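Engineer: The structure follows.
The values are calculated or read from the model by the stated rules, or taken from the named source; none is laboratory data. As the structure is a computational prediction, the values presented were derived from the model and not from experiment. FYI the Cβ positions are ideal-geometry reconstructions off the backbone, even for glycines, and counts take in every protein chain you see. Heavy atoms of the whole protein, side chains included, go into the accessibility calculation; ligands, DNA and RNA do not. Shrake-Rupley method; radii C 1.70, N 1.55, O 1.52, S 1.80 Å.
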Amino acid sequence: MPSYLQIENISKSYGPKVLFDHISFNINEGDKVALIAPNGTGKTSLLRILAGKDKSDSGGSVKFLRQIEIAFLEQEYDYDPESSVDSSIRRFTDGLTPEAVADYELRIRRYLSDFALDSAQKMGQLSGGEVKRVALVELLARDADFLILDEPTNHLDLDAIEYLETALKRSRSTLFMVTHDRYFLDRVCNTVMEMDSGSVYIYKGDYENYLTKREERVANYNAETEKVRNVLRRELEWMHATPCARSGKAKYRKQAFWELKERSEQVYVRKSVDMSEVKTGTSLRGKVIDCVRASFSYSGQPYLKDFSYKFQRGERVGIVGANGVGKTTFLDLLTGALEPDSGVIERSTTLQIGYYRQRGMEFNPQDTVMDIVPDRHLLSRFLFPADMWNTRVEKLSGGEKRRLYLLTILLQNPNLLILDEPTNDLDIVTLNVLEEYLLEFKGALVIVTHDRHFLDRIAEHLLVFCGEGVVRDFIGGYTEYRSFIKDLEAEKKALGRTSQGPSEGAIQRQQSQRQRPRRLSYREQQEMASLEREMEALNAEKAEIEALLAGTVSDYEAISKASARYSQLKEELDLKELRWLELSEIA
């Protein structure tokens, strides 16, 4: 395929921090490229340079080899809150022929309808997800040759993400994007570009292929480093020779030694977020949160209607639904920030909630990373190295701020963790490790997210917000849920039904799904085995104390201590046996 774009020797730094240095690469017509790099390494800066919104520090060149139209979707859409959706979109008609304007109008109407947007509504009245859809209508309607997208799925609901995914797969446009959505990346892109240590690496294929090839590259690089170290050992012997002998040696060999030494110190170390220092709060006793016929409305709009559900210890619940159906409102009801209009929401007396909000970051921009999280050990483990501890918050990237905010939530030692869109602005590396932590988290977990991979990996079942206050429970992850919905829609279509609702057969299948007993997770299997060992030890200790108390011991202090310990043992055993019974019922 012919080359569309040639990038040569471009660089970007912010103060002493080098984001990328004299990088070069090509993009060919028809390529659909996903850019992967940790937060704070210059992904957005690179996109802005390609889109002509910023310049390289080192000169270099960004050459489009053909006369093509470029469209750039930034993370933040610039709009006038008083303008209508329609007028906000129609900013690119200048210079178009009447025929081109007519085609543009047709595409606008089609995409407005597909994204369920009211063209007369004022931009200031829209939710964040609706604003993002307006930005996408503007982008797609332009039918540009080259699309540059910065986190296109942020703030979109799942239906909108799937629609955009299909539209971009079918599009003939060349594509260069940054995304944290791994399913979206796999289904849209045919090339992965990695920015690592200021350089770029190109991998043809999907995300899994990228992971495999990257492991090979890192292994080869580290093997080469080991060879360099072997050579360095021989040269070191030469450098340690007597000053007299060394003075007669060639200067080029001395210079080569220092170059070898520098190269020998370069080795790839896998960075990961180590959550082992983050502790779960006090253990939950009895219920977590018990909702009984809870209802809530706002301005006549029902967001929750007669909702009853008991949240259990250790369960992981995903919450899905379209933008505006009340998911965040529901989280505020669970935490007590809002009270239901009717019904009851009861919380455990030992409940400690860690609530990660979409708009929860309230950092002083002049504060440093260490001002916010003073634990140096944890900062290092959470990918904030020592040279960042005195960095002011205003200098952090969006993803770095999110990572810091997430750490402040986890440090509260919650036993119920509520996450509202935690994947927005986090890089894929951080997301993978966050998932590993959440799978090991011993408290209860409630997640609102539009990241399908995240839901599939973390959630054991879904609460589906259907609108008008209706909430349904679905056993399984997002992929299973979508498969069920597609089967249901196909059945309705085959029967010529539209709004009559699901057929009796579909209802029975759904009930079967909801009643299907789930299996123990690996973590729960480990917990059950641990409980059995602990109960055995506690029962042995209990038997010893019973024997002591039944004997002829006359030491009052010893008897008093044994009696107190006996009471503690009974309470510990009751709690552990209760949890063991819960797990055994599932098993």
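Engineer: Conditions first: (1) loosely packed, with under 14 Cβ neighbours inside 10 Å; (2) farther than 22 Å from Ala167 by Cα; (3) modelled with pLDDT of 90 or more. Arg110 passes all but one, so which condition is the exception?
Structural biologist: Result: Arg110 passes all but (2).
Engineer: Also, quick follow-up: Considering each of Arg533, Arg509, Arg523 in turn, give the residue that is at pLDDT below 70, in a helix (DSSP H, G or I) and more than 30 Å from Lys305 (Cα to Cα).
Structural biologist: Only one candidate qualifies: Arg523.
Engineer: Can you report the number of residues in the stretch 114-153 which are among the charged types (D, E, K, R) and under 19 Å from Thr166 (Cβ atoms)?
Structural biologist: Residues meeting the conditions: 7.
Engineer: Please enumerate the residues belonging to the stretch 36-52 that are more than 18 Å from Arg402 (Cβ to Cβ) and of a type outside the set (Gly, Ala, Ser).
Structural biologist: Leu46, Leu47, Arg48, Ile49, Leu50 - these are the residues of the stretch 36-52 that are more than 18 Å from Arg402 (Cβ to Cβ) and of a type outside the set (Gly, Ala, Ser).
Engineer: Sticking with this structure for a sec: Quick test for you: out of Glu130, Glu138, Glu194, Glu151, pick the one residue that is surrounded by 15 or more Cβ atoms within 10 Å (Cβ to Cβ), in contact (Cβ under 8 Å) with a residue 40 or more places away in the chain and over 21 Å from the mean Cα position of the chain (by Cα).
Structural biologist: After applying the criteria, what remains is Glu138.
Engineer: Inspect all residues belonging to the stretch 167-184 and state whether any of them is out of contact with any Asp or Glu (no Cβ under 9 Å at 6 or more places or on another chain) and among the aliphatic types (A, V, I, L, M).
Structural biologist: So far as the stretch 167-184 goes, yes, one or more of its residues are out of contact with any Asp or Glu (no Cβ under 9 Å at 6 or more places or on another chain) and among the aliphatic types (A, V, I, L, M).
Engineer: Turning to a different aspect of this structure: Restricting to strands (runs of 3 or more DSSP E) lying wholly in the stretch 153-225: which have 1 or more residues that are under 30 Å from Cys466 (Cα atoms)?
Structural biologist: Hits in the stretch 153-225: none.
Engineer: Hey, among Asp94, Asp54, which residue is open to solvent by less than 50 Å² (accessible area, probe 1.4 Å), in a loop (DSSP other than H, G, I, E, B) and more than 27 Å from Glu165 (Cβ to Cβ)?
Structural biologist: Asp54
Engineer: Condition first: farther than 20 Å from Tyr210 by Cα, open to solvent by less than 10 Å² (accessible area, probe 1.4 Å) and not polar (S, T, N, Q). Now tell me which residues in the stretch 422-433 satisfy that.
Structural biologist: Pro422
Engineer: Let me ask something else. List every residue pair whose Cβ atoms sit under 9 Å apart, with the two residues 6 or more apart in sequence or on different chains, where the first one lies in the stretch 560-587 and is outside any helix (DSSP H, G or I) and the second, anywhere, is of a type in the set (A, V, I, L, M, F, W, C).
Structural biologist: Ala587/Leu520; Ala587/Met528
Engineer: Hey, among the residues in the stretch 294-334 that are of a type in the set (D, E, K, R) and touching a Leu at 6+ places or on another chain (Cβ under 6 Å), which one's modelled with the lowest pLDDT?
Structural biologist: Arg313
Engineer: Every residue in the stretch 82-91 that is open to solvent by 50 Å² or more (accessible area, probe 1.4 Å) and assigned to a helix (DSSP H, G or I), please.
Structural biologist: Ser87
Engineer: Collect the residues in the stretch 75-117 that are more than 34 Å from the chain's Cα centre (by Cα) and among the small types (Gly, Ala, Ser), keeping them in residue-number order.
Structural biologist: Gly95, Ala100, Ala102 - these are the residues of the stretch 75-117 that are more than 34 Å from the chain's Cα centre (by Cα) and among the small types (Gly, Ala, Ser).
Engineer: Right, another one. Could you tell me whether any residue of the stretch 540-547 is open to solvent by less than 60 Å² (accessible area, probe 1.4 Å), under 20 Å from Gly443 (Cβ atoms), at pLDDT 80 or above and part of a helix (DSSP H, G or I)?
Structural biologist: no
Engineer: Would you mind stating whether Ala490 is assigned to a helix (DSSP H, G or I) and either farther than 25 Å from His453 by Cβ or at pLDDT 80 or above (or both)?
Structural biologist: no
Engineer: Still on this model: Name the single residue that is modelled with the highest pLDDT among those in the stretch 373-405 being buried (at least 17 other Cβ atoms within 10 Å of the Cβ) and farther than 21 Å from Lys43 by Cα.
Structural biologist: Top of the filtered list is Val373.
Engineer: Could you tell me how many of the residues in the stretch 411-421 are in contact with a helix residue (DSSP H, G or I) (Cβ under 8 Å, 6 or more places away or on another chain) and either surrounded by 20 or more Cβ atoms within 10 Å (Cβ to Cβ) or at pLDDT 90 or above (or both)?
Structural biologist: Number satisfying all stated conditions: 3.
Engineer: Follow-up question, since we're still on this one. Tell me yes or no: at least one residue of the stretch 418-433 is under 28 Å from His453 (Cβ atoms) and without any contact (Cβ under 8 Å) to a residue 40 or more places away in the chain.
Structural biologist: Yes.
Engineer: While we're here: Is it true that Asp181 is farther than 20 Å from Ser45 by Cβ and open to solvent by 60 Å² or more (accessible area, probe 1.4 Å)?
Structural biologist: Against the criterion (farther than 20 Å from Ser45 by Cβ and open to solvent by 60 Å² or more (accessible area, probe 1.4 Å)), Asp181 does not qualify.
Engineer: Which condition from (1) among the acidic types (Asp, Glu); (2) surrounded by 14 or more Cβ atoms within 10 Å (Cβ to Cβ); (3) more than 30 Å from Val200 (Cα to Cα) is the one that Asp31 breaks?
Structural biologist: Every listed condition holds for Asp31 apart from (3).
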